[in-house]
Amino acid sequence: MIKNKLLGFGIISLLLIGCKAPLNIANIHTEKNIYITSDLSEDKEMAAIIQPYKHELEGKMNTKISHTNTELNKSGDNSNLGNLLADYTFEGADEWAKKNNVPPMDAAVINIGGIRTIIPKGDILTKQIYEVMPFENEVVIIKMNGKDVEGLFDYYLKTQKNNPVSHLVIETEENNSISKKLINGKTIDYNKTYYIATSDYLALGGDNMFFFSKGEMISTGIKMRDLFLDKFKQNPEVSSPDDVRLIFKNKKVQE
């Protein structure tokens, strides 16, 4: 019995000694930061490999695809660039629908924030469309009943946001009411099913457009930027729309 106790104490002592063994700490060396500046020498071998691809890409980006006699910008409630891209979205979705047994489009809605810059007067180059639309958003179609489409008009009444539209007219009054709401030139029919072209970003509630969630989303697989590139190529001389679609009489003047 005593031998067993002594043996037990011996094992415990060895474990305690083992626990007190010193830790080996790795040596730490401070390395020098390398900053990417104009002073950094070029890797000539790598540059030679990249050069042909760079030259080809620059050639494609600087290719003229259209022309505009006026600056295309995103200013105001009815910007010419915003309305033009909304029309292109409508047309692209409508063309896709005809090929895929989907009813014709009734309207289109895009977001002004997705248009990142203007297109100056003159030749329009491929790279400018990438600058205008740098995102990978897709064109989708929302199938909605007439009653739920009211949410779209309520959105514009509450936000007074200049998100571009196509085949829609929305007019608000100073008493915070809507005096005109037209889709394809007609008032809303609650018994009708509407098909509205937009982006996947907005369809999923982007820019607080939660009303789209009441509809059914139909994917087209078309990237908005690719659609816009095709549309500009199809129109060698751009004719920007000048019609009035959003009239906010109750819009608060920002001081």
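Remarks
- Selection from the range 177-187 of residues that are buried (at least 16 other Cβ atoms within 10 Å of the Cβ) and touching a helix residue (DSSP H, G or I) at 6+ places or on another chain (Cβ under 8 Å): LYS181, ILE183
- Meets criteria (assigned to a helix (DSSP H, G or I), closer than 24 Å to LYS158 by Cβ and open to solvent by less than 40 Å² (accessible area, probe 1.4 Å)) for PHE212: yes
- Scan of the range 56-80 for residues that are modelled with pLDDT of 95 or more, among the basic types (Lys, Arg) and not in a loop (DSSP other than H, G, I, E, B), ordered by number: LYS64
- Some residue of the range 81-104 being modelled with pLDDT of 95 or more, among the hydroxyl-bearing types (Ser, Thr, Tyr) and open to solvent by less than 60 Å² (accessible area, probe 1.4 Å): yes
- Yes/no for ASP242 being more than 30 Å from PRO134 (Cβ to Cβ) and among the acidic types (Asp, Glu): no
- Filtering the range 192-226 to residues that are in contact (Cβ under 8 Å) with a residue 60 or more places away in the chain, closer than 12 Å to ASN111 by Cβ and among the small types (Gly, Ala, Ser) leaves SER199, ALA203, GLY206.
- Tabulated pairs, the range 119-146, first open to solvent by 60 Å² or more (accessible area, probe 1.4 Å), second part of a helix (DSSP H, G or I), C-beta under 7 angstrom, 6+ apart or interchain: LYS127/MET61; TYR130/ARG225; PHE135/GLY114
- Filtered by the rule that a residue be in contact (Cβ under 8 Å) with a residue 40 or more places away in the chain, of a type outside the set (Val, Ile, Thr) and exposed (fewer than 15 other Cβ atoms within 10 Å of the Cβ), the range 61-80 gives MET61, ASN62, LYS64, HIS67, ASN69, GLU71, GLY76.
- When the range 188-206 is filtered for residues that are open to solvent by 30 Å² or more (accessible area, probe 1.4 Å) and out of contact with any Gly (no Cβ under 6 Å at 6 or more places or on another chain), the ones remaining, listed by number, are ASN191, THR193, ASP200, TYR201, LEU204.
The values are calculated or read from the model by the stated rules, or taken from the named source; none is laboratory data. None of the values given here were measured: they were computed from a predicted structure. Here the Cβ is made from the backbone with ideal geometry for all residues, glycine too, and neighbour counts use every protein chain on show. Quick note on the areas: whole protein, heavy atoms, side chains included, nothing else; ligands and nucleic acids left out. Shrake-Rupley method; radii C 1.70, N 1.55, O 1.52, S 1.80 Å.
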